[in-house]
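Okay, so here's the structure we're looking at.
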Amino acid sequence: MRTIHLSDEKIKKADNVCKNLKHQRPKTRTDLENCVTEYLNIQISDQKICPNHDSPMDYLWHCYNSDFNGSANADCIVWAGRGGGKTYLAAAATLLDSIFKPGCKTRILAGSENQAHKMFDNLTKFAHGNFQEFVDDENKNKCCFRNGSDVEILTQSMASVRGSHIHKLRCDEVELFKKPIFEAAKFTTKTNNGIIAAMETLSTMHQPFGIMHELVDKAQENGTKIFKWCVWEVIENCRDRSCSQCPLNNDCRGRAKNADGFYKIDDVIAAMKRTSRAMFDSEMLCLRPSLQNVVFAEFNPDIHIAPIEYDSDLPLYRAIDFGFVNPFVCLWIQVDNSGTVRVIDEYIQSRRTIESHADELKNRKPFREDKVTMTFCDPAGSGVNDVTGTSPVGQLKARGIKIRYKRSMILEGIELIRRALQNGQGKSNLIISPRCGRLIEAMQSYHYPQCGSIETPQKDGIYDHPIDALRYFFVNYYNSSPAKTRKY
């Protein structure tokens, strides 16, 4: 190969051309790829390896181009695995917005302050590399550009979130957000000066029915684009390894032979060996939320959810968990001749009186009060209020509702539900009607604490109440010792 020696004048001219290109907005996807390769010194994977997945470059092009292609909605969701470059790419997108969209206001909101600073630090690193001349002022939480653009870290507080009205909001590791903060953040973006408002949410999907799960489920309805990639879209190209000898072979199946990413194969192997299968599936392969801390991992929607209706030939039961601020829950349940428990309806309401709940229970169609064999309830409902001199149980009985309860340990009821989901022979004896949406959600989301003792499920105020009502049914219906009946 012949070496070409350039004169100083030609080198200076080439440098000027390169410098001027930084001031020219990339107009095509190829232009953008060349820009990030040349000026940010990063090679972004543009391979779609798995069916229905996207490449990381798809996300970056969407962020950048949505302000130039006439889009009315630039919101998007990034569902990608751990170490998949979400934060790094979002930092690159933020710099591109700041440089090529004068006056663009971007805010970074993350599940933790440390996570927010990771994105911000990547942004400033990119800026200092080849775009220093564009930076006007900078501190540890904010970077201002000479063209009027700025980027700032928001804290996880109502004051911080509610005080912002900006163009772009990038929410990193949204699964770790506090729900009220996330809800308030939805109102922070505004379109003006030709820059489209956009809220981006980036995360793995750690748990069923967490924030990320909800976002993905509602994305199509809301018209929000999802960009999804897993480890195979970002793993390095595999050239010299034998598939039959590779620990990743059952999952990879040759995918890495077509990859062009950055994630070291040995690092992926190490991660797989040091974690559980459930965590690897959710954190690296983006297959499904981890069930590691879920109480009822045996719950299978294909088995345990089915359209069932009230059968007037079967006994009818109700199960109640009392609440006021926390919800009052009532389940209508029947048991068929084969012993299968059939949960056919639910009623869940907050901030209503016992009298109001009693009216709903007695008038619920198609159930008739005289057909209810028994209503099982929370034993705590028998406690008499010092002010009113009454108890929830007493008030329901005064309205003609037959009430029984038996005191029990939480784990006793949990074990009975588990046995109904799948007994020792692998058979299920529990079916829930699709109309019981809150109970179904609770069955999939009721969980143990993330740390500390894992003996008792988390009392989160959301999923525990429908499960408690179901527990009261199982404990009372199946326990051989007589349940208590009180007269008031």
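Kindly indicate whether Ile305 is modelled with pLDDT of 90 or more and over 30 Å from Arg407 (Cβ atoms).
yes
Residues in the stretch 237-256: is at least one closer than 30 Å to Gly163 by Cβ and either touching a strand residue (DSSP E or B) at 6+ places or on another chain (Cβ under 7 Å) or in a helix (DSSP H, G or I) (or both)? Looking for residues that are closer than 30 Å to Gly163 by Cβ and either touching a strand residue (DSSP E or B) at 6+ places or on another chain (Cβ under 7 Å) or in a helix (DSSP H, G or I) (or both), one finds none in the stretch 237-256, hence no.
Residues in the stretch 386-438 that are part of a loop (DSSP other than H, G, I, E, B), among the small types (Gly, Ala, Ser) and within 38 Å of the chain's Cα centre (by Cα): Ser408, Gly424, Gly426, Ser428, Ser433. Evaluating Leu60 against the criteria (1) closer than 26 Å to Ile196 by Cα; (2) assigned to a loop (DSSP other than H, G, I, E, B) leaves one unmet condition, (2).
Of all residues assigned to the stretch 103-110, none qualifies as being over 17 Å from Arg170 (Cβ atoms) and part of a strand (DSSP E or B). Kindly evaluate Ser276 against the criterion of being in the same structural domain as Ile431 (by TED's automatic domain parsing), of a type in the set (Ser, Thr, Tyr) and on the phi < 0 side of the Ramachandran plot. No, not satisfied.
Could you look through the stretch 265-291, keep only residues that are of a type in the set (Gly, Ala, Ser) and under 14 Å from Gly81 (Cα atoms), and pick out the one that is modelled with the highest pLDDT? My answer is Ala271.
For the stretch 199-221, the tally of residues that are over 11 Å from Ile77 (Cα atoms), aliphatic (A, V, I, L, M) and either assigned to a helix (DSSP H, G or I) or not assigned by TED's automatic domain parsing to the domain that holds Ala80 (or both) stands at 1.
Considering (1) in a loop (DSSP other than H, G, I, E, B); (2) surrounded by 14 or more Cβ atoms within 10 Å (Cβ to Cβ); (3) modelled with pLDDT of 95 or more, the lone condition that Pro466 does not fulfil carries the number (1). Looking only at residues of the stretch 391-415 that are touching a residue at least 60 places away in the same chain (Cβ under 8 Å) and of a type in the set (S, T, N, Q), we find that the one that is nearest to Ser356 (Cα to Cα) is Ser391.
Looking at the stretch 145-156, I want the residues that are free of Cβ contacts under 8 Å to residues at least 60 places away in the same chain and have a partner that is assigned to a loop (DSSP other than H, G, I, E, B) and among the basic types (Lys, Arg) with Cβ atoms under 8 Å, at least 6 apart or on another chain. Which pairs are those? Once the first residue is free of Cβ contacts under 8 Å to residues at least 60 places away in the same chain and sits in the stretch 145-156, its partners that are assigned to a loop (DSSP other than H, G, I, E, B) and among the basic types (Lys, Arg) give Ser149/Lys101; Gln156/Lys178.
Of the residues in the stretch 168-179, at least one is at pLDDT 95 or above and either basic (Lys, Arg) or surrounded by fewer than 19 Cβ atoms within 10 Å (Cβ to Cβ) (or both). For Asp260, the requirement of being surrounded by fewer than 20 Cβ atoms within 10 Å (Cβ to Cβ), modelled with pLDDT of 90 or more and assigned by TED's automatic domain parsing to the domain that holds Ala358 is not met.
For (1) exposed (fewer than 12 other Cβ atoms within 10 Å of the Cβ); (2) under 21 Å from Arg274 (Cα atoms); (3) aromatic (Phe, Trp, Tyr), each residue gets a yes or a no:
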| position | (1), (2), (3) |
| --- | --- |
| Ile211 | no, no, no |
| Leu215 | no, no, no |
| Ile226 | no, no, no |
| Cys230 | no, yes, no |
| Glu236 | no, yes, no |
| Arg239 | yes, no, no |
| Ser242 | yes, no, no |
| Gln245 | yes, yes, no |
| Asn249 | no, yes, no |
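Here Arg351 fulfils each of the conditions (1) on the phi > 0 side of the Ramachandran plot; (2) not assigned by TED's automatic domain parsing to the domain that holds Gly413 apart from (2).
The set of residues from the stretch 324-352 being of a type in the set (Lys, Arg) and in a strand (DSSP E or B) comprises just one member, Arg342. Here the stretch 102-113 is the region considered, the condition is being surrounded by 14 or more Cβ atoms within 10 Å (Cβ to Cβ) and within 27 Å of Ser203 (Cβ to Cβ), and the residue that is modelled with the lowest pLDDT is Gly111. Can you name every residue in the stretch 164-198 that is among the acidic types (Asp, Glu) and not in a loop (DSSP other than H, G, I, E, B)? Within the stretch 164-198, Asp172, Glu175, Glu183 meet the criteria.
Screening Glu355 with (1) of a type in the set (D, E, K, R); (2) touching a residue at least 60 places away in the same chain (Cβ under 8 Å); (3) in a helix (DSSP H, G or I) gives one miss only, at (2).
Residues that are of a type in the set (Lys, Arg), within 26 Å of Glu236 (Cα to Cα), buried (at least 16 other Cβ atoms within 10 Å of the Cβ) and at pLDDT 95 or above are absent from the stretch 87-101 altogether. Considering (1) exposed (fewer than 14 other Cβ atoms within 10 Å of the Cβ); (2) among the hydroxyl-bearing types (Ser, Thr, Tyr); (3) in contact with a strand residue (DSSP E or B) (Cβ under 8 Å, 6 or more places away or on another chain), the lone condition that Tyr317 does not fulfil carries the number (1). In this structure, does Asn52 turn out to be touching a strand residue (DSSP E or B) at 6+ places or on another chain (Cβ under 9 Å), over 15 Å from Ala93 (Cβ atoms) and of a type outside the set (A, V, I, L, M)? For Asn52, the condition - touching a strand residue (DSSP E or B) at 6+ places or on another chain (Cβ under 9 Å), over 15 Å from Ala93 (Cβ atoms) and of a type outside the set (A, V, I, L, M) - is met. Annotation: of all residues in the stretch 265-304 being of a type in the set (Phe, Trp, Tyr) and in a loop (DSSP other than H, G, I, E, B), the one that is surrounded by the most Cβ atoms within 10 Å (Cβ to Cβ) is Phe299.
The values are calculated or read from the model by the stated rules, or taken from the named source; none is laboratory data. Note that the structure is predicted; figures quoted are calculated from it, not measured. Cβ coordinates were reconstructed from backbone atoms using ideal geometry, including for glycine residues, and neighbour counts include every protein chain displayed.
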